[in-house]
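First the structure, in the form of structure tokens, and then the observations on it.
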Amino acid sequence: MSDDQSRGRRRPSREYHSSEPGGSRRPRERSTSEEPKPKVIKTDPDSPGRYSRASSSVSVKREPESPDRSPSSSNVPNIPIKKEDPDGVEIKKERPSTSRGAASGGGDGGNRRDRVNRYEVSLVYTKPSDVISKTGSLGKEINLQTNYFRLLTTPQWKIHQYHVHFRPEIELRRLKSGILSEHRELLGGYLYDGSKLFTTTKLKEEKTILHTKSKQGENYMITIKYVGVISMTEWQSLQILNLILRRSMEGLKLQLVGRNFYDPVAKIDLREHRMQLWPGYQTSIRQHERDILLCAEIAHKVMRTETVYDIFRRCQENARDFREDFKRHIIGLTVLTDYNNKTYRINDIDFHKTPKETFSMKGEKVTFMDYYYQKYNIRIRDPQQPLLLSKAKERSLRGGEKEVVILIPELCRATGLNDSMRNNFQLMRAMADHTRMNPDRRIERLRTFNDRLQQTEDSMRILTDWNMRLDNRLVEVKGRILDQQRIVFKDHRKETGGEQADWTRHCRSMGMFTTSSRGLERWAVIATNRNSRDLRNFVESLIRAASGMNMRIDRPREVMIYDDRNHSFIQAMEDCCRQDPQLIMCLVPNNNAERYASIKKKGCLERAVPTQVITQKSASNQRGLMSICTKVAIQINCKLGYTPWMIDVPLSGLMTIGYDVAKSARDKSKAYGALVATMDLKVNATFYSTVAECSSHDVLANSLWPMMTKALRQYRKEHDKLPNRILFYRDGVGEGSLKQVYEHEVKDIVEKLEQEYKRAKMEKPPMFAYVVVTKSINTRVFERGRNPPPGTVVDDVVTLPERYDFYLVSQSVRQGTVAPTSYNVVYSNIRLTPDQMQLLTYKMTHLYYNWSGTTRVPAVCQYAKKLASLVASSLYQPPQNALEKKLYYL
């Protein structure tokens, strides 16, 4: 029914879950991207001259620059391109006469201004100009190790950039690289990415012309035009450093899957689940505060041993409409083709064509079956299977890729995990035994990687050529442990969560901060007749657990139904709603997603009644029943609009906002953005929640300001004024989207806040800070081979000089290695010191009421994620406004 329920016995309901990743009983938070995005590399097996050894003659001459000779000239004619590759759909496409279109022929076009480079967008200067120092001093100092290696010899070279153009044009980057390598003596050590050439050697002429002749008699003219010198402060320096690192890692004989290197020789077989784990590394190198550092993280790629054809046959056997079922399983899936070790993302399926279809190769018609037998000695067993279509990305098209690649299901291995696999407890546990490494084991693997890199001759030659030497020790940093925070319970009694930041025991003994004076008096429970005994036992335990926490729960109205069909539950809920209940609880027999969605739609969209879903397995768990009932009682108190506990916040007039986005499970073009805002935490921990539809393709939240407006007006309604300070935590922003968000979304919010406060006749706009929250990072920190305690802050050495950023470990992890969260303050006039910003952020991780402990991100972000996920996976439209002041989505 949900991944929350599949991770152990202490899951009373769909709603009951915790948020600490990596703990023994706490589920791991999934990252925004479960698997790396693959880079589809298409090679033309029949390109003339692909295997030819070029014989070269060199002539160097200076030519006057002429606009009409530029490869990006607007005079480039419209050339019809016919795709006749055996792995590509036969498509005729007109090449537009724009500079971008001209550049698409193998990536040689000159005008590249519209290309978005991932290194360019990752190097964004977001540090506010008035921030002098971003390091704090509060807390106890602690010595930490990280998963970084220092570059001992900082390169002092000048990097000269050249633009390379081939005549006639060549589509394949590999072929271009091979021809260019014939002139290595002239160029010296260089890097080439398909269009740009980087070298430490300055050629004599601004424009160099090289002539090469292949054995087939085809002449090539290579024009190498000087662009300029690249500074190490520019984004191109990141690209160069990572190109050098990648070239060096190629010497380790690993396989490149997506952007990361994996070792198929060291694969781990999970035969009972038909899967393999490929161990590997995620690496990046860039300038940090004072040094150039190499970040290395241990990664694993999930490879299934089943083919796409196996999935196709299973859909044929089990589903009535097997085509739609097959599409649901396959579209969006990343597959690996063993015959050429390439990865592709499936975009569509052609059920009208089979491997018996023909394509044109060297002027002759050839079937796919014949091609694979002749080329790879592979016999396709089923000639009636459909064909898979993979669309190349823009970047791949510019690099000479075919627009559409055709694949055979039989020859494609599925990668990654689907939802049913993630809900398979046995599978996830078997994977965790290999992937969830404790800090000491991870440190050992990192040192092994460093030794392997430094002891491989080919790898070291690349680094030496570029005057780069890597330290063999992990980078050490000074961190700080913030003080334990005091949790406020009934009658303002305060207790700390201890070293593990867990106050579950205090919840049961101290009583909840606020509860309804009349308690839960009007509520109903719905269950099948065969589960009536479990229901009554659960209700008795729930009443007893709530009583110990200062919450009164009266006996409910029991509604028994004869079967567990969705319609039976919905009809029973409709009957209960006529008596205006405060809450409806449903005891369901199993984790059925469709039934859960039907119950939530009835409660959130039609009737505006909070609902609680409990599984029969949880209700009958006698061993942990009181623990489960304690969690459920806390959830119910939140759904009624009350507060289980509070935290000491010294600032008055503060509003904290969390925002996150989830893609629709039904329509991939849609997404839902959720905003959750606190009212004045100095008075009470109450929250306002709202959600709106947005585009899944646009990182900018166009509906964000209307939601912020609603939250501000609710604050004014409760406090008769607008907040003095607003602290905005923005989740769901990838590295490549930071520049766009910084330049547009932040500016838009600041301008509209000024306008809103003027309309409200406020003297001045609020003090405002915009913080980008990132969980999917590769940085790890260790304390003497163990995980650092909750409250650990790192704000120097491994942070970035162009940002006002810090890392915070807020959660306690009992298994595996803790992952810190990155906070990047991209805008701030909130008048808080770095110490105050870090401490306030840590305090906000104590207020997520689905777990009596700290979370990995501020509570408002975790609530926003929970709400967005509910709407995107079950509701598909915003809930009723009457629920906005209740945490109905817990």
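The values are calculated or read from the model by the stated rules, or taken from the named source; none is laboratory data. Please read all numbers here as calculations on a predicted model, not as lab measurements. Backbone-built Cβ (ideal geometry, glycine too); neighbour counts: all protein chains shown. Surface accessibility is based on the protein's heavy atoms, side chains included, excluding ligands, DNA and RNA. Shrake-Rupley method; radii C 1.70, N 1.55, O 1.52, S 1.80 Å.
Side notes on the structure shown:
- Summed side-chain charge close to residue 459 - residues other than residue 459 whose Cβ falls under 9 Å, Lys, Arg +1, Asp, Glu -1: 0
- Unit charges at the beta carbon, dipole of the range 460-528: most positive-side option, 481, 464, 492: 492
- Per-residue Karplus couplings for the range 460-469, computed as 6.51 cos²θ - 1.76 cosθ + 1.60 with θ equal to phi - 60°, are listed in order as 5, 5, 4, 5, 5, 4, 9, 6, 10, 10 Hz, Gly and Pro entered as x.
- The range 482-628, relative contact order in percent, only Cα pairs under 8 angstrom and at least six apart counted: 23 percent
- Sum of side-chain charges, residue 797 neighbourhood, beta-carbon under 10 Å (Lys, Arg +1; Asp, Glu -1): -2
- 18 Å Cα-Cα reach of residue 225 towards lysines, excluding residues that sit fewer than 8 places from it in its own chain: 61, 158, 176, 196, 202, 204, 207
- Leading residue at positive end of dipole, the range 751-890 (Cβ point charges), from 820, 788, 852: 852
- Using 0.36 nm per residue and subtracting the Cα-Cα separation, the extra length available between residue 174 and residue 717 on full extension is 189.0 nm.
- Projected area, mean over directions - the range 173-264, Cα convex hull, nm²: 7.7 nm²
- Per residue solvent-accessible surface (Å²) - the range 691-758, probe of 1.4 Å: 47 Å²
- Label point 7 Å beyond Cα of residue 516 along Cβ direction - residues of the range 552-592 with amide nitrogen under 20 Å: 552-559, 573-587
- Residues whose amide H comes within less than 5 Å of that of residue 694, counting only those at least five positions distant or on another chain, are 671, 672, 673 (H built at 1.01 Å from N in the peptide plane).
- Accessible surface, the range 351-504, averaged per residue in Å² (probe 1.4 Å): 53 Å²
- 329, 160, 273, ranked by accessible area, largest first (probe 1.4 Å): 329, 273, 160
- Relative contact order [Cα under 8 Å, 6+ residues apart], the range 634-766, whole percent: 22 percent
- Cβ-Cβ FRET estimate between residue 504 and residue 184, R0 fixed at 60 Å, reported to 0.05: 0.40
- Near residue 799, the amide H atoms lying under 5 Å from its own belong to 289; only residues 5 or more places off or on other chains count, and H is placed 1.01 Å from N.
- Our estimate of slack between residue 530 and residue 755, defined as 0.36 nm per intervening residue step minus the Cα-Cα distance, is 75.0 nm.
- Each of residue 778 and residue 555 was given a label point 7 Å from its Cα along the Cα-to-Cβ line. The distance between the two points is 6.2 nm.
- Toward the positive end of the charge dipole of the range 654-790, with +1 on the Cβ of Lys and Arg and -1 on the Cβ of Asp and Glu, the farthest Cα among 732, 686, 657 is that of 686.
- With an a/c value of 1.5 or above and a/b not larger than b/c for the gyration tensor axes a ≥ b ≥ c computed over the alpha-carbon atoms, the range 645-789 is described as oblate.
- Taking amide H positions as modeled 1.01 Å from N, with prolines and chain starts lacking one, the residues under 5 Å from residue 583 and 5 or more places away or on another chain are 524.
- J(HN,Hα) series, the range 686-697, from Karplus relation 6.51 cos²θ - 1.76 cosθ + 1.60, nearest Hz, glycine and proline x: 10, 10, 10, 10, 8, 9, 8, 6, 8, 7, 6, 8
- The stretch between residue 762 and residue 379, if pulled fully straight at 0.36 nm per residue, gains 130.3 nm over its current Cα-Cα span.
- Oblate is the label for the range 588-705. Its Cα gyration tensor axes, ordered a ≥ b ≥ c, give a/c of at least 1.5 and b/c at or above a/b.
- If you plug the beta carbon distance of residue 458 and residue 221 into 1/(1 + (r/R0)^6) with R0 = 30 Å, you get a FRET efficiency near 0.40.
- Net charge of neighbours whose Cβ lies under 11 Å from the Cβ of residue 325, counting Lys and Arg as +1 and Asp and Glu as -1: +2
- Packing here is the average count of other Cβ atoms within 10 Å per residue, and on that basis the peptides 252-262, 418-428, highest first, run 252-262, 418-428.
- Whole-Hz couplings from phi, Karplus 6.51/-1.76/1.60, listed for the range 192-202; x for Gly and Pro: 9, 10, x, 9, 9, 10, 10, 8, 8, 8, 8
- Across the range 168-220, the mean sequence separation of Cα contacts (distance under 8 Å, 6 or more residues apart), normalised by length, yields a relative contact order of 24 percent.
- Cβ charges +1 (Lys, Arg) and -1 (Asp, Glu), total dipole of the range 819-888, debye: 100 debye
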